[in-house]
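This report concerns only the one structure given below.
The values are calculated or read from the model by the stated rules, or taken from the named source; none is laboratory data. Being a predicted model, the structure only gives us computed values, none of them experimental. Cβ atoms come from the backbone with ideal geometry, glycine included; neighbour counts cover every protein chain shown.
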Amino acid sequence: MAKEKWDVKKKWGLVFLGMGIVCLIEVPVFSFLDFPNKAVVVTAILIAGEVLFFITITLSGQGYWEKLTRFFSLKRKKN
């Protein structure tokens, strides 16, 4: 198997994807904590997670988007 070359855009895309996943994991955690302005904080974290996800898609390109849609599609092709 050929070794895949990692360019700077792909590395940054994975960094942003990781940050976005962390943001989306924080939402249920912060929902159970008791602190003031919880609704504002949870909404801001959700928006930040979505923005980071779209930045990831932009940096990774069309090929990555196609891989994601194939992976999450309900209709899978049978070999």
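Values for this structure:
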item	result
Members of segment 11-51 found to be loosely packed, with under 14 Cβ neighbours inside 10 Å and among the charged types (D, E, K, R), listed by number	K11, D34, K38, E50
Segment 55-70 - residue that is of a type in the set (S, T, N, Q) and under 10 Å from G13 (Cα atoms) and, of those, surrounded by the fewest Cβ atoms within 10 Å (Cβ to Cβ)	T58
Selection count, segment 1-55, where residues are within 16 Å of the chain's Cα centre (by Cα) and on the phi > 0 side of the Ramachandran plot	0
Criterion violated by G61 - all others in (1) on the phi > 0 side of the Ramachandran plot; (2) at pLDDT 90 or above satisfied	(2)
